[in-house]
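Taking it in order: structure first as structure tokens, then the write-up.
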Amino acid sequence: MNKPLDAALSVEISQRIKSKAKKIFDNAYKAALATEKAKYVQGFLVFPGQPYRPVEHAWIELEESIVDPNLPHLQKKPEHLYYFPAESFSVKKLKAIIEESEEDYPEDDPLPIYGDPPYEYYGDVMLGGKNYLDAYQAAEAKSNEINQPKLDSN
């Protein structure tokens, strides 16, 4: 289902674009622009531990792998990260969307991109279409699975 995470390339690209903590969507955008044949992807990230629920996230995908320019800021082991894509854009499409958003809504940050309404609820917010809801539900199931308390046997 998921492509494997290329941790070494993630760190290399993160350094190349000078990624910044808490700039998840901007980092993925810059990485997409700087990486040949990359697709910009938005969705959810799941890992063991807090916040014990899916986290909205962005990364890039190459033909064979996931590259996460945010990896150095996550402070998690790469093998404990699970990615659930909701939206994927070619660099050309991404640039067009950003350009249009900056023209139409100059006071708003153009990222993340949620597509056209109608939007669905996921978690306790309403953003994104059905693809976001589907990705969130899959991520939530994985989060529940890996964050189940270990019950002591008596």
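The values are calculated or read from the model by the stated rules, or taken from the named source; none is laboratory data. For clarity, every value in this text was computed on a predicted model and none was experimentally measured. Every residue, glycine among them, receives a Cβ derived from its backbone with ideal geometry; neighbour counts consider all protein chains shown. Side chains are part of the model used for accessible areas, which takes the heavy atoms of the whole protein and leaves out ligands, DNA and RNA. Shrake-Rupley method; radii C 1.70, N 1.55, O 1.52, S 1.80 Å.
Data for the structure
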{"read-out": "Fraction of accessible area attributable to carbon and sulfur, the chain (%, probe 1.4 Å)", "value": "51"}
{"read-out": "Test item: Cα-centred dipole of the chain, Lys/Arg +1 and Asp/Glu -1 on Cβ, debye", "value": "660"}
{"read-out": "The chain - accessible surface per residue (Å², probe 1.4 Å)", "value": "61"}
{"read-out": "Antiparallel %, DSSP beta bridges [both residues in the chain], to 5", "value": "95"}
{"read-out": "Residues of region 24-51 with amide N under 19 Å of a point placed 7 Å along Cα→Cβ from LYS92", "value": "32-41"}
